[in-house]
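Visitor: Okay, here's the structure, questions in a sec.
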Amino acid sequence: MCIGIKQINMNSNKLKNEIKRREYYNNLAPFPVFDTEIIKDMSKLSEIVKKQDYNNEPVCYCKTCLSINIKSVEFESTQAGEERSVDYCVPCGNTEMEEVHISEWQEMYKERYGEDFLTKKK
Ligand SMILES: [Zn+2]
């Protein structure tokens, strides 16, 4: 698993509130107002931020859709005792991952989806 955050501008409470707000409006509307995949990414981020030990770890994201909603599947060890696991993207199922610092990922995500939820409003 390669999940971590180098630097984050929004604290986890703010992020949690934003997730709640979006989920609330999604529940009210007959169709999701906010992209549910983006909400999942935000949830993932708030989990990462909670850990507080993210300083030196890069964030792992999907090369296809830029999601950080990545899961790791572990297989049985080989006869040599080597552990095997595969990371895959939950939203699109791709297994091609890239690691970057969170600020770089944030820029890419913003460019792709126009979402900049990690940056404090000034
Ligand atoms: Zn993906």
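Visitor: What is the residue count in the range 91-115 for residues that are within 15 Å of the ligand (Cβ to nearest atom) and assigned to a helix (DSSP H, G or I)?
Guide: 5
Visitor: Keeping to the range 61-84, report how many residues are assigned to a strand (DSSP E or B), farther than 15 Å from Met42 by Cβ and either near the ligand (Cβ under 9 Å from one of its atoms) or free of Cβ contacts under 8 Å to residues at least 40 places away in the same chain (or both).
Guide: 6
Visitor: Test of understanding: among Ile102, Ile70, which residue is in contact with an Asp or Glu (Cβ under 6 Å, 6 or more places away or on another chain), surrounded by 16 or more Cβ atoms within 10 Å (Cβ to Cβ) and hydrophobic (A, V, I, L, M, F, W, C)?
Guide: On inspection, the qualifying residue turns out to be Ile70.
Where a number appears in this text, it was derived from the coordinates with a stated rule and is not lab data. If you're wondering where the values come from, they're calculated on a predicted model, not measured in any experiment. No Cβ is skipped: glycine too gets one built from the backbone with ideal geometry, and neighbour counts run over all protein chains shown.
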